[in-house]
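Here's the structure, in structure tokens; my notes come after.
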């Protein structure tokens, strides 16, 4: 489950100039001797992005995970890209989150960057079954048009692959369009907001508990702080000016 989507994601990064970066061996690939689960990670250097990470967890029928987060360079104020897909094979349940994660929630910012994601909401209504977000505040670093759903085999095997392709295409389009626009947020402001994203996510993301259960505390603490959310350690008390400049 998700291997085809992983290949599609990596191919889309590669054809746009992405280069895979060297990671420490225990981060690049790590196998749990207790549960026989395998986690693999990739860090990409991609033109226009300061960091693009990908994670693939294979825990057999218990759990399959594909996660990716892309951080644009600080000179661009467009959203962070977030992908989080989980498949629980024993119960046949899918949890899927695809979003352009906004740096700020001002209307002008959302109007500027979210036209295509709004269209995906219309195109894939079965992926707009939000329900409650147990760990996160939906009004922080999530857009009103995120694709979030819980479903079964039909959704995972038929709808999700098409939505995934369209989602990637929309995000690449957003990025290319942003290259020709003057950012409305200063580079220093974007830097602070991206760091706050890491801080917020490191505190709230249920992935810490999930990885802890498979790989133990020592490895998981290192993985979260050094790979998933490295800026959460470097910056711990940022309160940036979130004002967004109208055109």
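What to note about this one:
- The lone exception for residue 206 - which of (1) in contact with a helix residue (DSSP H, G or I) (Cβ under 9 Å, 6 or more places away or on another chain); (2) at pLDDT below 85 it fails: (1)
- Boolean, residue 84 is within 26 Å of residue 195 (Cβ to Cβ) and exposed (fewer than 15 other Cβ atoms within 10 Å of the Cβ): no
- Members of region 107-132 that are at pLDDT below 95 and either part of a loop (DSSP other than H, G, I, E, B) or on the phi > 0 side of the Ramachandran plot (or both): 124, 128, 129, 130, 131, 132
The values are calculated or read from the model by the stated rules, or taken from the named source; none is laboratory data. Note that this is a predicted model, so its numbers are computed, not measured. Every residue, glycine among them, receives a Cβ derived from its backbone with ideal geometry; neighbour counts consider all protein chains shown.
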